1. Could you work out how much longer the chain between Leu165 and Ala112 gets when fully extended? Use 0.36 nm per residue separation minus the Cα distance between them, nm to one decimal.
2. Per-residue counts of other Cβ atoms within 10 Å, averaged by peptide: what ranking do you get for 69-76, 130-137, highest first?
3. Give, in nm to one decimal, the length gained when the segment between Leu133 and Thr186 is fully stretched (0.36 nm per residue of separation minus the Cα-Cα distance).
4. So for Ser52, Ser128, fewest C-beta neighbours within 10 Å to most, what's the order?
5. Give, in nm to one decimal, the length gained when the segment between Tyr34 and Trp158 is fully stretched (0.36 nm per residue of separation minus the Cα-Cα distance).
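Derivation of every value follows stated rules applied to the coordinates shown; laboratory data play no part. Quantities reported herein were computed from a predicted structural model and do not represent experimental measurements. Here the Cβ positions follow ideal geometry from the backbone for every residue, glycine too, while neighbour counts run over all protein chains shown.
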Amino acid sequence: MSATETPTLAGATAGAGTGVRTPQVSRAIMWSAYAIPLCALPSGLWRIALVSEWFDWYAGHTWLPGERPYVVFLSLVAECLALLTLGLVKPWGERLPDWVPLVGGRALSVRAVVVPASVGAFLATALSAYATLNYFFHFVPPLNDNGEAFPTSGPGAWALWVCYLPILAWGPLLAVVTRAYYLRRTRGTQ
C-alpha cells in the first residue's frame, strides 16, 4: 500500500489523490466469501480419509496406480478454487499483488473476474445439484472395481452426507459474492 492510499474496513484501498473510493464490503458478503472454503473443506477431508483408508467403508477398492494422488490432488484443487473466492472481497481481487511476476500491480478488469466467478458459480451449483438428484432419484452411487458402492447406510453414509452437504452452498454463495463484487466495482454499491 502506498502512502497515498488509505485502508477501508474490508481491506480495500482508496487512492487519496484520485478521488475514487472503493466501497466497503458488507459484513454479510465478507462472511459469505469466507464460508465458501469452509464448505469445500469437509468433502476434501472425506476424500483424503478415503485415500488413506482411515475408514474401512471403501476398503474393498483396489486403487489403481495414480488414483490416490489424483484424489488428493482433486481435494487440493477444490480447496484452492474455493479460496480464490476471497479475491472477490479482498484488494488482490481488484489489483494483482506486486509480487506476481510480469503482471504484478496491474488492475484487474471487472469482466476478467466476474466471468470466471460466474462460470464457477454455475458449475458448482449444477454439479452439486446433479450429484444430489442423481443420488436420490436414480440411486446410482459411484461403484468401485468390485461393484461395491460408497456407504449408503449406517455411520459411513452419515459421514459421507455430513461431509458433502456443505458443497451444495458453494455455488449459490459464490453467485451472491460475485454479484456483490460486480455491483461494488461498477456501481459502487453492494
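1. Values: separation 53, 0.36 × 53 = 19.08 nm, distance 3.01 nm.
The span from Leu165 to Ala112 would gain 16.1 nm if fully extended.
2. Values: 69-76: 14.1, 130-137: 11.9.
Highest-to-lowest ranking by the protection proxy: 69-76, 130-137.
3. 15.4 nm
4. Starting with the residue having the fewest Cβ neighbours, the order is Ser52, Ser128.
5. Details: separation 124, 0.36 × 124 = 44.64 nm, distance 2.52 nm.
Computed gain between Tyr34 and Trp158 is 42.1 nm.
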